[in-house]
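For reference, the structure discussed in these notes is given below.
The numbers here are math on the coordinates, done by the rules we state, and not lab data. Just so you know, these numbers come straight off a predicted model, no measurement behind them. Positions of Cβ are backbone-derived with ideal geometry, glycine not excepted, and every protein chain shown enters the neighbour counts.
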């Protein structure tokens, strides 16, 4: 089996302590939570940090709770908790959809939402989920906290707005009436990365779409937020034709690369199909029509 | 660095490099070679052990990360000569051939039944979808877990 | 104390002999007490690691090992130069080619072995690999077998004197070209297809490796090695390394899956042996998963062009032309006289008028191999071809695919049947087996359901395949590997207590030999299976044999055990006659006991005969004491298992995802020693077939970079991709096997991929006009076919 190169290790006992360590150790230090993105890369020697700061003891960062008009998720919340949370399934069923197809059940016991979002792999599902839900990321550093919309969180492939000496601590999801959301994914086999995936969120009031979120995984250098589809949907009444049109926009707006999972035309096609299907389910859930 | 991990109820202390993976820490302990490895990319599940009762991939965990946690390996299933129902189930239904994936499958199954004593076929297949078997085609493994679920109350030893 | 053995059983009667006996070997595996290679720790053991080429084709300009040697934990770094002094830089292959142990002049595939590091532990060995500096001069690479013989193709094997192109093995032919031409001339329907069986990999869960422990004082070389053919390897090492064969001992321990991947001799093995001789310590080398996928024996990679014809509703002729991609070195394994393996069984299960088969092999800049993954020496490729062609023909004829098969099958009265390519199938009732499959599947109901779904735009497919295999190599006059005849031995000793030990040539990697071979002795001698120990996996203590692959364990070793048990039983009869003061011919046998005909109360139990055999009391004249026997079994023919498989698939019309909803497999493997074990073998092979049909493939880019070198990219099925398999059986005993048994381990891999691909096409033909698709049927590839743009795999 492949093994990592040498590094130093310390365990953080508080968020402040983790931030202090990041400052102290510089850019060759990495935070490790679940480690199921970082450790495989280190074993393949594609990532060779000098220091690892283990934040798994920071239980204060693991929670799913409502606070005012937001549902807030701590960055250290494990995938398995996101899957099981009835509160989350009630408010944002897109999470449960996605978690059922993220990695495999064993990996989900360790991986965290913070790790997933910060890995910034375009094929990663939670990034699309959070983008569609208009989430905000709370980033803490020595200077304090700042809140960044998901649309500004992703800068490039594997690159986020979290700077040196900073840490993602929380994800905030605005709660508004009439919400319905869903995630659709195609994979070659259970546990595989997405060939393409789509998250859709709708807020429907008086039979009309008040707001919409559409985001795609695995069809661009980062998560693709399909703003043009969201614009199309706002103010309209939900219908299959509308969702098919939104799907066409997804197909046009994404920028997939060909690889072993599929060629460009198939991925574009999937972006469209999965957008349409996710919107359909989101609408049914918003209107309480889904069994 | 010095690390102490509770493995099968016993404190195991050793001086290890931070980079030592949990799987190697376990396998370097006398009598604990039952946990296997089969890949480099956390896909195959041969290395699954329980950490605080939950299945984890010991090839994707550092030993140093496990101090303060309870690790259980396949060797912990048999207690005072009494086999765990999942072990009995695997034997009854011919759920193993080469035996290499078996420890990971057993630990995954044990954790599943601890949380969900009456899983459906779909739930069983999902629970073991993080572990690969090349020999059995999974049909008999599903039957083994169902057997264990049925026989749990009659054969489980009181702790 | 409750143990596995004395648990209350759901089966009330524990069979003595054949039957669904639970496995003896389970006891250690369910406790995590198996003894696999990485579990072996020897005092003073050091660890080896292989540095591998990043390029598919490149000159080696220089290798600088100084930084690695400077590492305090590194004991040695071995390169081709060092091996040259030992005469080990190149080694012979099973196909009479040569393969570089460590690359000297050039690297010829990505992942090829370039240097071998020996260090104090595996972490340091891995560190040390990064400290070896190799300078390469990349060369153009050939990864497309069809282009390998182009005039401007780069020459890969410039190490071979007289080699001027990339032909690895000249065209081998079987059948009758003229008769085939006539059949086609008279046919009323002809179809043509280009069919690829892509490169895939057996990927057993335990990777390959070896511990080599050379004792310089005694000259003994102890090898621990997961190895499907340990005796043959021992002979090869003796020849290659100039060692004394009687001083080499190979112990396999428990093996975590073989599937043909653990048949070849790999460079890592030779390096470990050389390393141990040089370092004077045991050297452990175990490859990681990417090494396994990128450098060890792959499977298949056949590019096939075929035509099939029919007349009056019956298949009459078949023509096949194959380019076999053997990779950079020819290390395919097959009996010497069969350079294309058993591919010429492509004539299939049909009463053809004529067929003609041509196979040539080429070198490419890819890992060496080709014969692996439960292929029965290329029968997987052959059956895939013929069963796909039968369906193609059925489409063209507008015939039901099962009906066309029924019309064309070899009839029961035609057995023993000599095929157009020289096989003699021993026995069969094909239509009956097909009908059992149709019954279990509810075939007519499935077709009704399909029609209803079609009307709603839903895509459902039903696919069939029928296969006849030839397994159990083989008769010594026809079959040898490297000049070693493919016979197996069995030694049986019954102890004074009446317990027994049988030592066998076959080498289990999960097939349950510790149970099934005990059952054979039990069946023949009436000694309960728990009282029969099966010994294997140690070349010092088991009889010479050619190993376990090609489904030969039951046909050859199983036969050997039956024959040796009967020899012991015959000896027991003579002793019983003396004990009972009668003549041998007055005795009759019931399991476990010889008794006097007409006076059944008067008899001798086998355990009492054993006591007598070892005692000082009188024995028949000129008989030696003891109750044992030894046999080498030369099979008179292969055995010919067959089967009918039906796959039911559903395809998402928009995403093109394929799901195998049901899989029905009816196998006829003759008499079944342990039906539970047989079922298990079939389940496993069907899962592998699903993998091959839907997701498993090893592909390369233009530069020869392997794109599927990990389990993230080489996908094998999980429990979620496999349906609840539905099995059936018919039993047509093999006429020449002592137990009437045939081999079965590979049948599911042989029969399932064509059934699944036929089902996919069946789902898409009417709606989308799809009449061919190559594996793997990933969603992207199925979608492309639905758009009218099917593509061969990379």
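Listed values, structure above:
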{"quantity": "Principal-axis tilt of helix A:264-286 within chain A, Cα atoms, nearest 10 degrees", "calculated": "70"}
{"quantity": "Length-normalised contact order for chain C - Cα pairs under 8 Å, 6+ apart - percent", "calculated": "15"}
{"quantity": "Computed [θ] at 222 nm, helices only, for chain C once each DSSP H run of length n ≥ 4 contributes -39500 (n - 2.57)", "calculated": "-8000 deg cm²/dmol"}
{"quantity": "Ranked by how many other beta carbons lie within 10 Å on average, peptides C:380-387, A:140-147, C:357-364, C:218-225 from highest", "calculated": "C:380-387, C:357-364, C:218-225, A:140-147"}
{"quantity": "The stretch A:19-44-the stretch A:214-288 distance, computed between alpha-carbon centres (Å)", "calculated": "34"}
{"quantity": "Among A:122-128, C:440-446, the order from most to least packed when residues are scored by Cβ within 10 Å on average", "calculated": "A:122-128, C:440-446"}
{"quantity": "Ellipticity estimate at 222 nm from DSSP helix runs (n ≥ 4, -39,500 (n - 2.57)) divided over chain A, nearest 500", "calculated": "-9500 deg cm²/dmol"}
{"quantity": "Principal-axis tilt of helix A:15-25 within chain A, Cα atoms, nearest 10 degrees", "calculated": "60"}
{"quantity": "Tilt relative to chain A, helix A:240-253 - C-alpha long axis, 0 to 90 degrees, to 10", "calculated": "40"}
{"quantity": "Relative contact order (%) - criterion: Cα under 8 Å, at least six apart; region: chain B", "calculated": "24"}
{"quantity": "Pairwise centroid distance, computed over Cα atoms, of the stretch C:408-445 with the stretch C:623-665, Å", "calculated": "15"}
